[in-house]
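Step one of this worksheet: look at the structure below.
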Amino acid sequence: MKKFTMKDETFICENCNKKVDKLHYTARDHCPFCLFSKHVDLLPGDRKNPCQGLLKPVGIEKFKNSYKIIYHCEKCSKTHKNIMATDDNMDLIINLSTNIDH
């Protein structure tokens, strides 16, 4: 299992410029308003990834009793996945679930 460092921080989204508050039940890893994330970790929470590119949401996949958002890094082109948060914009989640052009 990957090493997990808890980093639940407030931040300003680099895509939509909205203030994103802490999640409080686990580490916040993406914007709940636009769903974008940032390619900052090599291992969850370590903040050691030199890429620092924006992660664009491109799809959804089922994961246990929830879903994971599938991302494409706009800088290095790698694929990344984050678990959906309870306060995510459900309209965008639904839109991603119908996106067949990942």
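Sum up the charges of everything whose Cβ sits under 12 Å from the Cβ of Thr10, counting Lys and Arg as +1 and Asp and Glu as -1, but leave Thr10 out.
Details: positive: Lys7, Lys18, Lys19, Lys22, Arg28; negative: Asp8, Glu9, Asp21.
After counting each charged neighbour, the total is +2.
If the only charges are +1 at each Lys and Arg Cβ and -1 at each Asp and Glu Cβ, what is the size of the charge dipole of the chain around the Cα centre, to the nearest 20 debye?
Charge dipole, the chain, about its Cα centre: 380 debye, nearest 20.
Under the rule of at least 5 residues apart or a separate chain, name every residue whose amide H is placed under 5 Å from the amide H of Tyr67.
Those qualifying (amide H under 5 Å, at least 5 residues apart or on another chain) are Met84.
Just to confirm, what accessible area per residue do you get for the chain at 1.4 Å probe, in whole Å²?
66
Among Thr10, His24, Leu54, which residue has its Cα positioned farthest towards the positive end of the charge dipole of segment 1-92, with +1 placed on the Cβ of Lys and Arg, -1 on the Cβ of Asp and Glu, and the dipole taken about the Cα centre?
Leu54
Tell me which aspartates and glutamates have Cα within less than 16 Å of Lys3's Cα, excluding those fewer than 8 residues away on the same chain?
Asp29, Asp41, Asp46
Counting other Cβ atoms within 10 Å, which chymotrypsin sites (Phe, Trp or Tyr not before Pro) in the chain have at most 13 and lie in a DSSP loop?
Passing both the DSSP loop test and the Cβ count: Phe4, Tyr25.
Could you tally the net charge around Ile70, taking each other residue with its Cβ under 11 Å from the Cβ of Ile70, Lys/Arg +1 and Asp/Glu -1?
Computed value for this residue: +2.
Where the accessible area of the chain is counted over protein heavy atoms with a 1.4 Å probe, how much of it, in %, is carbon and sulfur?
Roughly 53 percent, rounded to a whole number.
Once you've got the Cα coordinates, tell me which of Lys18/Lys62; Lys48/Lys78; Lys48/Lys75; Lys19/Lys62; Lys22/Lys78; Lys19/Lys64 are over 23 Å apart.
Lys18/Lys62; Lys19/Lys62; Lys22/Lys78; Lys19/Lys64
Given 0.36 nm per residue, what is the gain on full extension from Gln52 to Lys81 after removing their alpha carbon distance, in nm?
Once the chain is fully extended between Gln52 and Lys81, it gains 8.9 nm.
The values are calculated or read from the model by the stated rules, or taken from the named source; none is laboratory data. No experiment lies behind these values; they were computed from the predicted model shown. Virtual Cβ from ideal backbone geometry, glycine too; neighbours counted across all protein chains shown. To get the accessible areas, we keep the full protein, side chains included, count just its heavy atoms, and leave off ligands, DNA and RNA. Shrake-Rupley method; radii C 1.70, N 1.55, O 1.52, S 1.80 Å.
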